[in-house]
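What follows is one structure encoded as structure tokens, with my remarks underneath.
Just so you know, all these numbers are worked out from the coordinates, no wet-lab data involved. The shown structure was predicted, so the numbers you read here are calculated from the model rather than taken from an experiment. We place every Cβ from the backbone using ideal geometry, glycine too, and count neighbours over all the protein chains shown.
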Amino acid sequence: MNAGRPVQAISTIAQAIVEEPEDSRYTRVFANWLTGYRVRGLGESLERALIICFSDKAIFYPPLFPTWLAALEEKASFSFLKEIQEWKSYEEFTQRLRPPAFEKVADDPLMLAGLPVLLSRSPALEKALTYIRRRCLESFVSQPSPGPLPFLSALGLHCFFNEFVFSVSEQEQHLLPKLKDTIESTGFDGTQTPAFAALYSCYRPLFTLTSAEALQSHADTLPLLFQELMKRQVTEPAEEQNIKKEIPALTPIKNAVSQAVRQQYEDNPYPRWHSWPKADASSPQSSQSGGIAILNAGCGTGQSPISTAVLYPCAQITGLDLSLASLAYGIRKAREMGINNIRFVQGDILELGDWNEKFHVIMSGGVLHHLDDPLRGWRNLIKLLKPNGLMKIGLYSERGRQHIVKGQEWVKTSGLPPTEEGIRAFREHVFACDPSDLLKPLADLYVFYSMSNLRDLVFHIKEHRFTCLDLQSMLEQMNMRFLGFHGLPPEIKPEYLKRFPHDAAMTNLENWDKWEQEHPFTFASMYVFWCCRADETVSADLLSSRARHLLPVRGVI
Ligand SMILES: C[S@@+](CC[C@H](N)C(=O)[O-])C[C@H]1O[C@@H](n2cnc3c(N)ncnc32)[C@H](O)[C@@H]1O
């Protein structure tokens, strides 16, 4: 890889995975190397390596999607993906994709391995899956089985992961109650009902069925993918309901905006996620965090504090959020991953004024811009910072989000509600847009492909955006010092230093404002930066011995 021959490197590591499928070092490296690539032409070893990766929960799956899709597209049975966008209607699809073509798609092992764990980010694949799902539903009335159980289970897992974001036609809306009645009235008969239930799971979660328990009690005699489906759509949601009852409430939630924001994330906990890399016990940072207290304010579904806990297993981490549904998701995932150094609590950042705990590091990514009063919330967090502590903050950029603001404006003008139907209608509009339409680029975003992500993106109840000069002014008002941006692509540093040679620390926000005028998408996802109290020198202890790895402010400190 370092020699600049990525395809050869990926091919070699794929071969190593096939030869030693149990060795997770290979799968991790493979997943890392595939990030940003869409590898083609590696044939069977790539396919087998991908399938092995999808069963390794210790790797992060999203970067595998482009290569997974490319590997499917190379197969003759999936060649229709290249044409399907030209097909005018569902009827044309049923004319063209006739048996046994559908069976080949449904039985494909690569399809069955990736579908349950990946979000599809391909309009063509989404169209195919939506039509195939409809075909299965329409056939349930006339056929003994609506489709193969493993495929329907894999599709049900996929649809649950994207929170049923795919369009549902009127014909399907009409058939769904019938399917539900059939499942509920026939009970469990060992052959037919599981396939009907799996089909139903592609539209609605199985925990909404009264017969879910009966089905679950027989699941262990059924294919593994069906068992996984029952786990994710019945067992885990039930577990989360129980967990909610145990979560301590740290503060009341009185502010009207906080209440509305909470409701959004109770309905659509964000983000949904499956896997995260396990810490390598031998990595230096793993043992260097004893005693550090970290607050993750607005921790969502736990992905952020859990990834911190994975890297710093000796740190004491607190995850705080408004949404019980999000916290319960995080607690379930932490337990599943054997992580026990996170305490999850419910609370409103705006009400934290009297809390008397103190933290070495406070992180709040993508949260303060959803508060009624971001500055008041930020001040509350600063009060919780130990002397010489550090903060990592993520805030939306006004310039970086202009394309998203277009989507938000369209949603407001069209009066679409933030419901499943409203979100699906928005997606249909974007898919149908002319390529030159300003909304069209939204369909290229990962977040366009699931309900909670898209709700967060364009249907949010409250969103503030800032410029670098706003950051500077807020930091000054709070007597805080900007320490630098986190996570910038490596190519930016030399360019920035060429443009602003006198700002070697890269911490002058006026310069960054100019930079952003010239490169408006630098902070398209958000500004993520570190800061500390202006009158403090950052703790030598924090910097040099313990949490150095918490400070990826490259070249700044
Ligand atoms: C966009 S999500 C980000 C989640 C998480 N930080 C991440 O990056 O994965 C915003 C989260 O902030 C939480 N939040 C918003 N306002 C809050 C407040 N006033 N107090 C606590 N949490 C809040 C929401 O409930 C939601 O889970």
HN-Hα J in Hz across segment 375-384 - Karplus 6.51, -1.76, 1.60, θ = phi - 60°, x for Gly and Pro: 5, 5, x, 5, 4, 4, 5, 4, 4, 8
Karplus-derived 3J(HN,Hα), 6.51/-1.76/1.60, for each residue of segment 335-351, Hz, glycine and proline x: 5, 4, 8, x, 9, 10, 10, 10, 10, 9, 9, 9, x, 10, 3, 5, 10
Percent RCO, i.e. relative contact order, over segment 172-240, from Cα pairs under 8 Å lying at least 6 residues apart: 30 percent
For residue 385, residues with placed amide H under 5 Å, excluding near neighbours: 359
Segments 391-404, 18-31 sorted - mean Cβ within 10 Å per residue, highest first: 391-404, 18-31
Those residues of segment 393-413 whose amide nitrogen sits under 14 Å from the label point placed on residue 434, 7 Å along Cα→Cβ: none
Computed [θ] at 222 nm, helices only, for the chain once each DSSP H run of length n ≥ 4 contributes -39500 (n - 2.57): -13500 deg cm²/dmol
Under 5 Å, built H, 5+ apart or other chain: amide partners of residue 295: 318, 361, 362, 363
Viscosity 1.002 mPa s, 20 °C: Kirkwood-radius Stokes-Einstein D of the chain over Cα pairs, µm²/s: 85 µm²/s
Cα gyration tensor shape for segment 1-69, rounded if a/c is under 1.5, else prolate or oblate: rounded
Considering only the chain, percent of DSSP beta bridges that pair antiparallel, nearest 5: 30 percent
Three-way shape label, segment 120-245, alpha-carbon gyration tensor, a/c 1.5: oblate
Prolate/oblate/rounded call for segment 402-458, Cα gyration tensor, a/c under 1.5 rounded: rounded
Taking the chain and dividing mean pair separation by its residue count, relative contact order in percent (alpha carbons under 8 Å, at least six apart): 11 percent
Helix 468-477 axis, angle to the chain major axis (alpha carbon atoms, nearest 10°): 50 degrees
